[in-house]
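The values are calculated or read from the model by the stated rules, or taken from the named source; none is laboratory data. Just so it is clear, the structure is predicted and the values come from calculations on it, not from any experiment. Because the Cβ atoms are built from the backbone with ideal geometry, glycine has one as well, and the counts that use them run over all protein chains shown.
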Amino acid sequence: MRFDVVTLFPEIVSKIFSFGVTGRALVKGLIEIKTWNPRNYSNNATNRVDDKPYSGGPGMVMQVEPLMKAIKAIKDDVSSQTHVIYMSAQGKSLNQQKIKELSILPRITIISGRYEGIDQRVIDRGIDEEISIGDFIASGGELPAMILMDSVTRVLEGVLGHDDSTAEESFENGLLEYPHYTRPNKSKYGEVPSVLLSGNSKDIERWKLKMSLAKTLLVRPDLLKGRLFSSLEKELLNEIKDEEKY
């Protein structure tokens, strides 16, 4: 997987991918990251890439020419096709299903905007998809871009230590993940649920599913709408509602 990132601050992107899972993926050659500064494609003597919006109002807008030239340079750099994404609060919400769809692509180009955004002509002529990481505004597209890249990277084959590492994570089965505990089993801050110490795999799996359902019902009930519940899930939901009085 290759990521090309158009950003005014390439050092931010380069630095964050020196650590953790993504850092190891880079070392292993499982991903490749290249940054492109639109200032290098400016026609302005001072490498300026922004100007006042024609509509008036506060803020500046990133210009069409430097961004379109950067996109062209990326496409010319390697013969394989690239999927161009603009990180935008107006885009479709990023979720685990979208992450999986993106993970099968050979190349992804991400445009990280700044100021009030980018010229609409870039979106119309150079962007394949707008993606949002949530209903809020960030100072720039670099952090959203890194979240997307990190999420895509960790589902690639060979990136995590075990092929099943993501199988039980939140959203993988449409539910939030169950709680985790580790040693010591007794502490002044509480005790580990006894079922996890029982060694009974059937009871443990039942507990995990029940906790996932309870967490989802409490925090993200929207995820349960339209879900086809198994007989066991229906049984557990009834238990949860009786115990917690939802």
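Report whether or not Glu191 is modelled with pLDDT of 95 or more and assigned by TED's automatic domain parsing to the domain that holds Lys15. Steps first, answer last, please.
On the way: modelled with pLDDT of 95 or more: yes; assigned by TED's automatic domain parsing to the domain that holds Lys15: no.
So Glu191 does not fit the description; no.
For region 62-73, check the following and say yes or no: at least one residue is outside any strand (DSSP E or B), in the same structural domain as Ser112 (by TED's automatic domain parsing) and modelled with pLDDT under 95. Lay out the reasoning, then the answer.
Filtering region 62-73 for residues outside any strand (DSSP E or B) gives 63-73.
Next cut, in the same structural domain as Ser112 (by TED's automatic domain parsing) only: 63-73.
Checking which are modelled with pLDDT under 95 leaves us with none.
Taking every residue of region 62-73 in turn, none turns out to be outside any strand (DSSP E or B), in the same structural domain as Ser112 (by TED's automatic domain parsing) and modelled with pLDDT under 95.
Applying the selection to region 96-125, what residues are part of a loop (DSSP other than H, G, I, E, B), surrounded by 13 or more Cβ atoms within 10 Å (Cβ to Cβ) and within 21 Å of the chain's Cα centre (by Cα)?
Leu105, Ser112, Gly113, Arg114, Gly117
Would you point out which residue out of Asn47, Asn37 is of a type outside the set (Lys, Arg), in the same structural domain as Leu105 (by TED's automatic domain parsing) and loosely packed, with under 15 Cβ neighbours inside 10 Å?
Asn47
Just checking, how many residues over region 92-115 are free of Cβ contacts under 8 Å to residues at least 60 places away in the same chain and closer than 25 Å to Glu11 by Cβ?
Residues flagged as free of Cβ contacts under 8 Å to residues at least 60 places away in the same chain and closer than 25 Å to Glu11 by Cβ within region 92-115 amount to 3.
Find the residue count for region 126-146, including only residues that are more than 12 Å from Gly91 (Cα to Cα), of a type in the set (Asp, Glu) and in a loop (DSSP other than H, G, I, E, B).
Of the residues in region 126-146, 0 are more than 12 Å from Gly91 (Cα to Cα), of a type in the set (Asp, Glu) and in a loop (DSSP other than H, G, I, E, B).
Checking Phe9 against (1) among the aromatic types (Phe, Trp, Tyr); (2) surrounded by fewer than 17 Cβ atoms within 10 Å (Cβ to Cβ); (3) closer than 26 Å to Ile104 by Cβ, only one condition comes out false. Which one?
Condition not satisfied by Phe9: (3).
What are the residues in region 53-70 that are within 31 Å of the chain's Cα centre (by Cα) and either over 15 Å from Ile118 (Cα atoms) or loosely packed, with under 13 Cβ neighbours inside 10 Å (or both), if any?
Pro58, Gly59
If you scan region 126-139, which residues turn out to be of a type outside the set (A, V, I, L, M, F, W, C) and touching a strand residue (DSSP E or B) at 6+ places or on another chain (Cβ under 9 Å)?
Residues satisfying the conditions are Gly126, Asp128, Glu129, Glu130, Ser132, Gly134, Asp135.
Any residue that is at pLDDT 95 or above, more than 25 Å from the chain's Cα centre (by Cα) and exposed (fewer than 14 other Cβ atoms within 10 Å of the Cβ) - is there at least one of those in region 205-212?
Yes: one or more hits.
For region 24-60, which positions are out of contact with any strand residue (DSSP E or B) (no Cβ under 6 Å at 6 or more places or on another chain) and either part of a strand (DSSP E or B) or acidic (Asp, Glu) (or both)?
Asp51
Going through region 131-151 one residue at a time, which ones are within 24 Å of Ser79 (Cα to Cα) and surrounded by fewer than 16 Cβ atoms within 10 Å (Cβ to Cβ)?
Scanning region 131-151 gives no hits.
Report every pair of residues separated by at least 6 positions or lying on different chains whose Cβ atoms are under 6 Å apart, first residue within region 36-52 and farther than 15 Å from Ile74 by Cβ and touching a residue at least 40 places away in the same chain (Cβ under 8 Å), second surrounded by fewer than 18 Cβ atoms within 10 Å (Cβ to Cβ) and basic (Lys, Arg).
Correct list of pairs: Val49/Arg39.
Among the residues that make up region 53-75, is at least one of them hydroxyl-bearing (Ser, Thr, Tyr), more than 18 Å from Ile33 (Cβ to Cβ) and free of Cβ contacts under 8 Å to residues at least 60 places away in the same chain? Give the steps one after another, and end with the answer.
Applying the first criterion (hydroxyl-bearing (Ser, Thr, Tyr)) to region 53-75 yields 54-55.
From what's left, more than 18 Å from Ile33 (Cβ to Cβ): 54-55.
Subset that is free of Cβ contacts under 8 Å to residues at least 60 places away in the same chain: 54-55.
The answer is yes; a qualifying residue exists.
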